[in-house]
Amino acid sequence: DAAIYVNPFEVSDMVQAMEAVANNATLRTEAIAKGYIHAQKFTPHACAAEVMKVYQQTMST
């Protein structure tokens with residue numbers, strides 16, 4: 001939910017999305033906030049916890 005999806009084969013879609021972000025402060029602010037929340041999934045601590053979970057699952061089988 002932190003991304004703005006476009007058809008990668010349609011340049012006009014990309015242009016419209018970039019213009020929307022550039023010209024709409026509310027959209028831009030919401031995207032930034034959602035991006036920060038999404039980025040928390042990839043902190044070193046979160047990644048290490050996921051690796052440990054995989055190790056534990058592997059060892060228990």
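Coordinate-derived values only; no laboratory data. The structure presented is a predicted model; accordingly, all values stated were derived computationally and were not measured.
How much length is gained on full extension from ALA39 to TYR55, taking 0.36 nm per residue of separation minus their Cα-Cα distance?
Working it through step by step, the gained length comes to 3.4 nm.
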What does the convex hull of the alpha-carbon atoms of the stretch 11-59 project to on average, in nm²? 5.2
So what is the relative contact order of the chain, in percent, for Cα pairs below 8 Å that sit 6 or more residues apart? 27
Per DSSP H run of n ≥ 4, the term is -39500 (n - 2.57); total these for the chain, divide by its residue number, and report the mean residue ellipticity at 222 nm rounded to 500 deg cm²/dmol. -23500 deg cm²/dmol
